[in-house]
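*Asks:* One structure is given below, represented as C-alpha cells, and several questions about it will come after.
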Amino acid sequence: MGNKDLNRIKVVLAEKKRTNKWLAEQMGKDPATISSWCTNKSQPSLENLVKVAQWLEVGIDELVRVPSL
C-alpha cells in the first residue's frame, strides 16, 4: 500500500457534499494544501486531522485508512 491512500478526506468530503475549497475556507488554509491532503500527496498533522474531522462532523477513524499488516 505504501504511502498511497493514507487518508480518506476526499471521500468524506464527497459524502458530505463539500468541496476542497469549502474546507480550505473553514480551516483558513491554502486550497493547494487541502488538495494535496485529498490526493494523498501529503498528510495533515494530527492537529489538522482533528480539525478536518470537526468541520466534517465525523470521527477521526472515518478519515484515516489503516493499512493491513
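The values are calculated or read from the model by the stated rules, or taken from the named source; none is laboratory data. Since this is a predicted model, take the numbers as computed values, not measurements. Methodologically, a virtual Cβ is constructed for each residue, glycine included, from the backbone with ideal geometry; neighbour enumeration extends over all protein chains shown. Note: areas computed on protein heavy atoms with side chains; ligands, DNA, RNA excluded. Shrake-Rupley method; radii C 1.70, N 1.55, O 1.52, S 1.80 Å.
*Asks:* Can you name the residue in the stretch 35-69 that is of a type in the set (D, E, K, R) and at negative phi and, of all such residues, is most open to solvent (accessible area, probe 1.4 Å)?
*Replies:* Of all residues in the stretch 35-69, those of a type in the set (D, E, K, R) come to 41, 47, 51, 57, 61-62, 65.
Filter once more, keeping what is at negative phi: 41, 47, 51, 61-62, 65.
Details: 41: 170, 47: 122, 51: 80, 61: 123, 62: 83, 65: 86 Å².
Among those residues, the one meeting the criterion is 41.
*Asks:* Additional query: Working only within the stretch 43-67, note down all residues that are among the small types (Gly, Ala, Ser) and within 15 Å of residue 8 (Cβ to Cβ). Full working, then the answer.
*Replies:* Filtering the stretch 43-67 for residues among the small types (Gly, Ala, Ser) gives 45, 53, 59.
Result: 53, 59.
*Asks:* I would also like to ask the following. So which residues in the stretch 8-57 are touching a residue at least 40 places away in the same chain (Cβ under 8 Å) and in contact with a Pro (Cβ under 7 Å, 6 or more places away or on another chain)?
*Replies:* 52
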